[in-house]
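To keep things clear, I will list the structure first and then write my remarks on it.
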Amino acid sequence: MKRTILTILMGLALHSLFAQQPVGAFPIVASKSATPIYVDAGDHWLVQKAAALLQTDIEKVTGKKPDTAHTHPRGTAKNIIVIGSLDQSLLIRQLVALKKLSVDSIKDKWEAFQLTVIPNPFPGVNNALVIAGSDRRGTAYGVFELSKQLGVSPWYWWADVPVKTARECWYNPQIRQYQHPGVRYRGIFLNDEAPALAGWSKATFGGFNHLFYEKVFELLLRLKANYLWPAMWGNAFYDDDTLNAVMADRYGIVIGTSHHEPMLRAHDEWRRYGSGKWNYDSNEMRLKQFWAEGIRRKRGYESIVTVGMRGDGDEPMSEKSNIALLEKIVADQRQIIADVTGAAATATPQLWALYKEVQDYYDRGMRVPDDITLLLCDDNWGNIRKLPKRDAPARAGGYGIYYHFDYVGGPRNYKWINTNTIPRTWEQMHLAWEYGVNRIWIVNVGDLKPMELPISFFLDYAWNPAAYPVDPSRGYTEKWAAQQFGKTYAADIAYLLTKYTQYNSRRKPELLAPDTYSQVNYQEADKVVRDYNELVLLAEKLYKLIPAQYKDAFYQLVLYPVKASANLNELYVTAGKNHLYAKQSRVATNELANRVQELYDTDSLLSLHYNKVMANGKWDHMMDQTHIGYTWWQQPPVNRMPAVKIRKPAIHTLMAIAIEGSETVWWSNDTVKAVLPAFSNHRGDKHYIDVVNAGNASFNYTIKPAGSWLQLSQTSGRVEKEQRIWVQVKWQAVPEGKHQAPITISGPNGDVTVFATLEKTTVPGLKQQTHVEADGYISMDADHLANVVDDAVTHWVRIADIGRTGNGMTFFPPFPRPATFRDTSAHLEYDLFTTDTGATKVMVYCSPTLPFNESNGLRYGISFDEEAPQLVNLHADNSENAWAQSVSDNIRISTSVHTLHKAGHHMLKIWAVDPGVVLQKIVIDWGGVRKSYLGPER
Ligand code: REL
């Protein structure tokens, strides 16, 4: 056990350990005792609750339980901790009146808090650590900030994160902490909650009752959030348990109902109590009564009332619905609010969500009163659809964002595991912040678990957007990992979290299919599996190394998502390989079919461990979500293993040759030429030839290249099932130019010849960043560039790990630029060396950002050398299909065609035009690019 001192650096808490008591430090727990905590008896329920939780937290950390007292602490102890709100704590007011405590930095602020050590607060008391909040939530946030710094993770209960123990802890009196939120309402939406969260909450608490919600409220407060849209799949927060709303109020959690549940009434309540159709044209009176009840029931509790209307069950309203009707609905709803509350409608916070077709109404001119927050939305796939115009007049209600980490809907549900990356969430919410969206940030988190990391980030970012002006991803994730698991393995854990989410975001697990990744081109499928399995190795190693008390947390936060994602990808890739092998008549086909079965079983065993074994079954049902065997957008009722193929037995000895780049196989004395993908002296590539048993008995073979240019991993052998032979080139011996070198494989039925194409190019003035054409293409990551040209207004930024395969490049500040260019305008330069001329196709891979700025699409400029830049619109095809493809593939690829008049050195330039364009990868094609999911590698 160690002593702990808390410090703060540049607004970020540091947890520093000292062997000795630092001079002048304030003891929270010193050797003999824990410093008592004082809270005014008249302070808010929430403040009392926060103090009580601090008391338990301190006890968990140190084993010593501080006393809590409510009477005046005059002369009772040498040191005291005072907790109080500016509006309700007499103690705090007294300290302020006596000029012992200055609260200027939090006064009149929303949810602000400060932590200060003051000398001689009261007669006979030497020092007080004062946690003062501008209001009840601010005070609670101050308390939980201290708890967090003491070593109690906000996830201590929800993810079984062990409390970091210490014998003593000291607060550094030099450190004054002030904080207040950047975004006013910060929250989560529990949604799509069956079967996982619903099953678990039923088994654990008996349903979505106040016992369940108290746990959610505490978590929200520890994450400095204040806002919740409760679970609504057959559940109704106000109706299911009358204590739900009472407890929300005590915990200071602002309740709303989701975007399509107006007037604080859950969707299911209409099924329970409504009569007639959910249709304002035909059923106005009953709907009004129904809604009035929602407002009556909310009493004085803090809430945000959703106004407007969608069709029943979150569907668009009927064709007939029009702007005039919707405007009348909103006006009527406001009248109800005014009538029931007895105050002007403006006194009740309201939001209108511009979700799906509702945004079209807005675009067609529908407006709501100025005090209603306009809740802008993403496309349900994490891409923001609309942001306020930069020159739009300020609105009293401001703007909010409704974002998604989980979704039920097309092109496919994604609700099993975390596929959300911190870099992309940051990049999109950064846009929102820069465009003035600061009233509400709410995110759909599905079952809550397993979204612990992105939830933390979303809420931390909402609390203090100014703290993350540049891509925080790895740094944030490492701090987060240290908060859960301590510093020792934090960097490795951050790597695992970053990478598994990046890999999962390539394609959501629900969208995977046996043919997603190419089995034959660019060794893509194998590479995907290898990427994941490297993570599994590291995760398993860490799981063994971390102390026993961390294993449950590690399993749920790291090991399970890493292993289950890796396993699922391998499952689909193996099924794809089984299909290919069957087509190629390989004897190994059936073995792969068995392997698919094994991987399928492993998937359920991993979930079983999560549900039943981990943390002694505390999270039973949390991994009940089906995720294998989707056939359309909606989830399958049960998991279903991908179909596999079984090979018919052969009747004689038969050798087949398969090669990289082709699904075909070659037989002895085949007349069709077999040609491997080209080798280049600039790519250092390796390609393979598979000697395959397609018959009924093993056989011997020899393999021999003509000449001395090629090196093979093997020259002869016996094939039981198949042997992979790697071909490499000894470039010193190869003359300049393009050559073909035959390789002969001799087996039981005769010979097969495979040709290797060798492209040796000597590039004058070759630099490390020069990309040399080979095999008819160049592929480069967007940040593998020669020059970054910033100008007076715009600078380029690199966003780590935002791409499907690498980093991304975008520009800040994220505002539109004129589409006219001078040499000095902001652009990126890529140094190329080409061997082809003529028509040159450039495919630019970008993150699937939407034209959030009401433009007809986001554009970049592109040019070779001195040619005039072409403007390319990422959204030239803005159809529903193109969108569905872009979110499924998590990429938008746009193509421009250029003419190169000579081979040799060229500079490709990409020019900044519209904000939000995140470049990931650039592929230049002279006819050599083969089919794959991620595109060729460099
Ligand atoms: O994710 C969304 O925004 C919607 O699909 C949900 O809000 C929706 O209401 C769904 O749960 C069903 O009612």
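The values are calculated or read from the model by the stated rules, or taken from the named source; none is laboratory data. Predicted model only: the values in this text are computed from it and were never measured. We place every Cβ from the backbone using ideal geometry, glycine too, and count neighbours over all the protein chains shown. With ligands, DNA and RNA removed, areas are computed over all heavy atoms of the protein, side chains included. Shrake-Rupley method; radii C 1.70, N 1.55, O 1.52, S 1.80 Å.
Taking R0 as 56 Å, what's the FRET efficiency between ASN120 and THR242 from their Cβ-Cβ distance, rounded to 0.05?
0.75
Taking 60 Å as R0, compute the FRET efficiency from the Cβ-Cβ separation of ASP67 and ARG271 and round it to 0.05.
For ASP67 and ARG271, the calculated efficiency is 0.75.
Listed highest first by mean packing, meaning other Cβ atoms within 10 Å per residue, what order do 723-729, 427-433 come in?
The most tightly packed comes first, giving 427-433, 723-729.
Going by alpha carbons, how many degrees (0 to 90, nearest 10) lie between the helix axis of 473-485 and the longest principal axis of the chain?
60 degrees
Taking a 19 Å limit on the Cα-Cα distance, which of the listed pairs LYS109/LYS389; LYS686/LYS760; LYS449/LYS618; LYS107/LYS148 fall beyond it?
Table pairs above 19 Å Cα-Cα are LYS109/LYS389; LYS107/LYS148.
Taking R0 as 22 Å, what's the FRET efficiency between LYS673 and THR702 from their Cβ-Cβ distance, rounded to 0.05?
Step by step, r from the Cβ atoms, then E = 0.60.
What do you get for the angle between helix 242-251 and the principal long axis of the chain? Use alpha-carbon atoms, 0 to 90 degrees, nearest ten.
90 degrees
Place a point 7 Å from Cα of ILE893 in the direction of its Cβ. Which residues in the range 771-785 have their backbone N less than 16 Å from it?
Residues 776-782 fall inside that zone.
What size of dipole, in debye to the nearest 20, comes out for the range 281-434 about its Cα centre when the only charges are +1 on Lys and Arg C-beta atoms and -1 on Asp and Glu C-beta atoms?
220 debye
So what's the back-of-envelope 222 nm ellipticity for the chain, counting only DSSP H runs of four-plus at -39500 (n - 2.57) apiece and dividing by all residues, rounded to 500?
Computed ellipticity for the chain at 222 nm equals -9000 deg cm²/dmol.
Given axes a ≥ b ≥ c from the Cα gyration tensor, I'd like to know whether the range 396-472 is rounded (a/c under 1.5), prolate (a/b larger than b/c) or oblate.
Prolate.
When the accessible area of the range 195-300 is split by element with a 1.4 Å probe, what percent falls to carbon and sulfur?
Taking all protein chains in place, the range 195-300 shows 49 percent carbon and sulfur surface.
Could you give each residue of the range 811-824 its phi-based ³J(HN,Hα) in whole Hz, using Karplus coefficients 6.51, -1.76, 1.60 with θ = phi - 60°, and x for Gly or Pro?
Along the range 811-824, the couplings run 10, 10, x, x, 10, x, 10, x, 8, 10, 10, 10, 3, 8 Hz.
Count charges around LEU934 for me, please; just the other residues with Cβ under 9 Å from its Cβ, Lys/Arg as +1, Asp/Glu as -1.
Neighbour charge sum, excluding LEU934 itself: +2.
Pairs to check: LYS277/LYS356; LYS648/LYS673; LYS164/LYS215; LYS65/LYS215. Give those whose C-alpha atoms are more than 24 Å from each other in this structure.
Flagged as over cut-off: LYS648/LYS673.
In terms of modelled amide H atoms, which long-range or inter-chain residues lie less than 5 Å from the amide H of THR835?
GLU773, GLY904
Tell me the angle of helix 45-62 to the major Cα principal axis of the chain, expressed in degrees between 0 and 90 and rounded to the nearest ten.
Roughly 60 degrees, rounded to the nearest 10.
Calculate the dipole size of the range 31-74 relative to its Cα centre from +1 charges on Lys and Arg beta carbons and -1 charges on Asp and Glu beta carbons; express the result in debye to the nearest 20.
My answer is approximately 200 debye.
Tell me whether the range 17-179 comes out rounded, prolate or oblate; compute the Cα gyration tensor, take square roots of the eigenvalues as a ≥ b ≥ c, and use a/c under 1.5 as the rounded threshold.
Oblate is the answer for the range 17-179, as a/c is 1.5 or above yet b/c matches or exceeds a/b.
First check a/c for the chain, with a ≥ b ≥ c the square roots of the eigenvalues of its C-alpha gyration tensor; if it is under 1.5, answer rounded, and if not, answer prolate when a/b is larger than b/c or oblate otherwise.
prolate
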